[in-house]
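Trainee: Dropping the structure in here first, questions after.
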Amino acid sequence: MTITKEKIYHHLTMTSRSFAAVIQDLDEELKDPICLFYLILRGLDTIEDDMSIDLDIKIPYLKKFHEIIYQKGWNFTKNGPNEKDRQLLVEFDTVIDAFLCLKPAYQTIIADITKQMGDGMAHYATAGINVETNADYDEYCHYVAGLVGLGLSEMFSACGFESPMVAKRKDLSNSMGLFLQKTNIARDFLEDLRDKRFFWPKEIWGRYADRMEDLIKPENQAKALHCLDHMVFNAMSHIKDVLEYLSMIKNQSCFKFCAIPQVMAIATLTLVHNNYKIYTHENIKIRKGETVWLMKEAVDIDTVAAIFRYYARLLNNKTNPLDPHFIDIGVLCGEIEQVCVERYPNSTEQLARLNAGVLGGSTGSTLAAAAVVAGAVAFSSTFA
Ligand code: D61
Ligand code: MG
């Protein structure tokens, strides 16, 4: 049993840069269930992501993965040698053993979400099916990330840490996943293009290019930045829901677990915004010092609201007035500011503290430098 436990947390640290720390800081009751929820979906995603597996093999595995997690001894060795999390599936029997030790209520939630996600992935993996419309984009992101939010909310409510209302608000739980996934999809354009995975909806990129791969041509730079601006605007539409969801979370360990990925996402989106490097470089990431700062500060709703106000201002200042969504982004940033001032009045005081720290303190120099590198006219906000 202890052998299995060690293996599980080994798999977690091997497969996740961003989620390993927040999962390990959860209260004892939820730590193992959420760790296994993560590993099972990461296993499923490792089949989805592998473009070297034939569709007639891939699709049945995606659809039956929710049954596979009950089959002691099962593992999978058909991933290509370079697939990043292939080892997790090679040793998946250790994940299954630990899953079968969970309380049945958690097993049921995990299996149910795995079934829905596998069906959705199978649909979008099918030849000839692509992310065409904005509605498709929301649907695909619901399958691969929104459903994770739904499952987590069910776990929070099932164990009594949070009110039943958290599980009832599926719309808000879904938005938690969509904001994270859409930020990744905007950031990972070049990597996904290289692997022939197309997640940007044609309804958006089709307004700026005839073929998606034309966006990286140097002569299309202006169009490419307009398209990116559109993708950033689309992702930002979930921010108000994210703040409302976070305001319902009362348990401290659940709050940090939920809030840290979201503040990392708004910081990442601010870095991505109006940044041509998205089309020329893979692995665009926020700096280590900025991550450390965010993980330290994202402890309560007032500070998290202040962090969102901070980045909304920075992001707004990076918008080019010639961008087609210059006004739309300005309006959204204004709405974020307004919602925060109305519902989280203490965020104003927190924002002043954050700005003072950024301008003066030791983390400050890192952040100010990051803002300058990002090309922002930092701290001179239209809202100030
Ligand atoms: C609160 C806290 C964490 C939340 C949340 C609410 C709501 C949703 C999510 C986490 C899910 C966010 C997913 C965003 C990152 N995207 C990916 O990892 C893509 O794969 C999606 C399918 C597998 C989802 C696995 C997952 C992720 C985070 C979890 C979790 C399960 C379970 C519990 C807690 C967090 C992306 O992966 C790229 C890659 O292979 O690295 C892709 O293939 O598009
Ligand atoms: Mg995937």
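Trainee: What FRET efficiency do you get for Val292 and Glu244 if R0 is 30 Å and r is their Cβ-Cβ distance, rounded to the nearest 0.05? Mind dumping the intermediate values first?
Mentor: Working: r = 27 Å, r/R0 = 0.90.
FRET efficiency, Val292 to Glu244: 0.65.
Trainee: May I ask for the angle, rounded to the nearest 10°, between helix 239-248 and the longest principal axis of the chain, with both axes built from Cα atoms and the value confined to 0 to 90°?
Mentor: Between helix and principal axis, roughly 60 degrees.
Trainee: Report ³J(HN,Hα) in whole Hz for each residue of region 190-197, in order, from the Karplus equation J = 6.51 cos²θ - 1.76 cosθ + 1.60 where θ = phi - 60°; Gly and Pro get x.
Mentor: Values per residue, Gly and Pro as x: 5, 4, 5, 5, 4, 8, 6, 10 Hz.
Trainee: Follow-up. How far is helix 104-125 tilted off the main Cα axis of the chain, in degrees rounded to 10, range 0 to 90?
Mentor: Its long axis makes an angle of about 70 degrees.
Trainee: What part of the accessible area of the chain, given as a whole %, is carbon or sulfur when the probe is 1.4 angstrom? Walk me through the intermediate numbers first.
Mentor: Values: 8900 of 16520 Å².
Taking all protein chains in place, the chain shows 54 percent carbon and sulfur surface.
Trainee: Determine the relative contact order of the chain: mean sequence separation of Cα pairs under 8 Å and six or more apart, normalised by residue count, in whole percent.
Mentor: Details: 494 pairs, mean separation 49.4, N = 384.
13 percent.
Trainee: How would region 87-165 be classified by its alpha-carbon gyration tensor: rounded, prolate or oblate, with rounded meaning a/c under 1.5 and the a/b versus b/c comparison settling the rest? The partial results should precede the final answer.
Mentor: Working: a/c = 3.30, a/b = 1.34, b/c = 2.46.
In terms of gyration-tensor shape, oblate.
Trainee: Here's something else I'd like to know. Taking every Cα atom in region 298-346, find the radius of gyration and the maximum pairwise distance Dmax, and write them in Å.
Mentor: Computed over the Cα atoms of region 298-346, radius of gyration and Dmax are 11.8, 37 Å.
Trainee: Still on this structure: Listed highest first by mean packing, meaning other Cβ atoms within 10 Å per residue, what order do 39-45, 160-166, 136-142 come in? Let's see the in-between values first.
Mentor: Working: 39-45: 22.4, 160-166: 15.6, 136-142: 20.3.
Descending mean neighbour count gives 39-45, 136-142, 160-166.
Trainee: With springs only between Cα atoms under 10 Å apart, run a GNM on the chain and tell me which of Val339, Val144, Val263 wobbles the most.
Mentor: Taking springs between Cα atoms under 10 Å, the residue moving most is Val339.
Trainee: Which links in Lys78/Lys285; Lys115/Lys296; Lys256/Lys288; Lys7/Lys250; Lys115/Lys240; Lys5/Lys288 stretch past 25 Å when you go from one Cα to the other? Can you show the working numbers first?
Mentor: Numbers: Lys78/Lys285 31 Å; Lys115/Lys296 36 Å; Lys256/Lys288 18 Å; Lys7/Lys250 31 Å; Lys115/Lys240 29 Å; Lys5/Lys288 29 Å.
Flagged as over cut-off: Lys78/Lys285; Lys115/Lys296; Lys7/Lys250; Lys115/Lys240; Lys5/Lys288.
Trainee: Rounded to the nearest angstrom and ordered from largest down, what semi-axes does the equivalent ellipsoid of the chain get from its C-alpha gyration tensor (root of 5λ)? Present the calculation step by step, with values, prior to reporting the outcome.
Mentor: Numbers: eigenvalues 224, 142, 66 Å².
After scaling each eigenvalue by five and taking roots: 33, 27, 18 Å.
Trainee: Using the heavy atoms of the protein chains and a 1.4 angstrom probe, tell me the accessible area per residue for the chain in square angstrom.
Mentor: On the way: 16520 Å² over 384 residues.
Per-residue accessible area for the chain comes out at 43 Å².
Trainee: Then there's this: Provide the per-residue ³J(HN,Hα) series for region 275-290, in order, calculated from phi with Karplus coefficients 6.51, -1.76, 1.60 and θ = phi - 60°, each as a whole number of Hz, with x at glycine and proline positions.
Mentor: Going residue by residue, I get 10, 5, 4, 3, 8, 10, 10, 8, 6, 7, 9, 5, 6, 3, x, 5 Hz, with x marking Gly and Pro.
Trainee: Measure nothing but the geometry: give the 0 to 90° angle between the long axis through the Cα atoms of 55-68 and the longest principal axis through the Cα atoms of the chain, rounded to 10°.
Mentor: For 55-68 against the chain, the angle is about 80 degrees.
Trainee: For region 38-114, what number results from the quotient of the Cα radius of gyration and 2.2 N^0.38 Å?
Mentor: Working: Rg = 12.1 Å, N = 77, 2.2 N^0.38 = 11.5 Å.
Cα Rg divided by the expected 2.2 N^0.38 Å: 1.06.
Trainee: Just report the Cα centroid separation between region 35-108 and region 242-303, whole Å.
Mentor: 28 Å
Trainee: One quarter of the convex hull surface, Cα atoms only: what value does that give for region 255-309 in nm²?
Mentor: Working: hull surface 15.9 nm².
If I average the Cα hull's projected area over directions, I get 4.0 nm².
Trainee: Can you list the HN-Hα couplings for region 229-234, worked out from phi with the Karplus curve (6.51, -1.76, 1.60; θ = phi - 60°), rounded to whole Hz and with x for Gly and Pro?
Mentor: 4, 5, 5, 5, 4, 4
The values are calculated or read from the model by the stated rules, or taken from the named source; none is laboratory data. From a predicted model like this one, the values you see are computed outputs, not experimental measurements. Ideal geometry is used to build each Cβ from the backbone, glycine not excepted, and the neighbour counts take in all protein chains shown. Heavy atoms of the whole protein, side chains included, go into the accessibility calculation; ligands, DNA and RNA do not. Shrake-Rupley method; radii C 1.70, N 1.55, O 1.52, S 1.80 Å.
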